[in-house]
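One structure is given here, and the rest of the page talks about it.
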Amino acid sequence: MSKSQSNIDRIKQQLKKTNSNIPDTALSQPIVEQPVKSVHADLIDTKKPLKSKKPKFEDTHKRDTVWIRNDLKEMLDDSCVDRGDKTRIINEALEKYFG
């Protein structure tokens, strides 16, 4: 008797002790899971349009370096708490200026 077979027999004995209401034939039959080969066509909604991906930040914005007065820079730094606050404030100020 091989080592793996003795392990299987030991597991079966333990299962019999814990699950005495399960017939022995159920314990000896292997559990076979069959992979799903296809999905029923009715379950797939082919009419629904695919979601478009959100554009990347780099695709909608350009990096630029500018000189800012020290007093304005200090106020800007003090106002910014969350990530992206400087970008938002500068963009809103430019929109008002050019708008």
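Residues that are modelled with pLDDT of 80 or more and either part of a helix (DSSP H, G or I) or in contact with a Cys (Cβ under 6 Å, 6 or more places away or on another chain) (or both): does the range 33-51 have at least one?
Among the residues of the range 33-51, not one is modelled with pLDDT of 80 or more and either part of a helix (DSSP H, G or I) or in contact with a Cys (Cβ under 6 Å, 6 or more places away or on another chain) (or both), which makes the answer no.
Given the conditions (1) modelled with pLDDT under 95; (2) exposed (fewer than 10 other Cβ atoms within 10 Å of the Cβ), and given that Asp71 satisfies all but one, which numbered condition is not satisfied?
(1)
The values are calculated or read from the model by the stated rules, or taken from the named source; none is laboratory data. The structure displayed is predicted, hence computed values, not measured ones. Cβ: placed from backbone, ideal geometry, glycine included. Neighbour counts: every protein chain shown.
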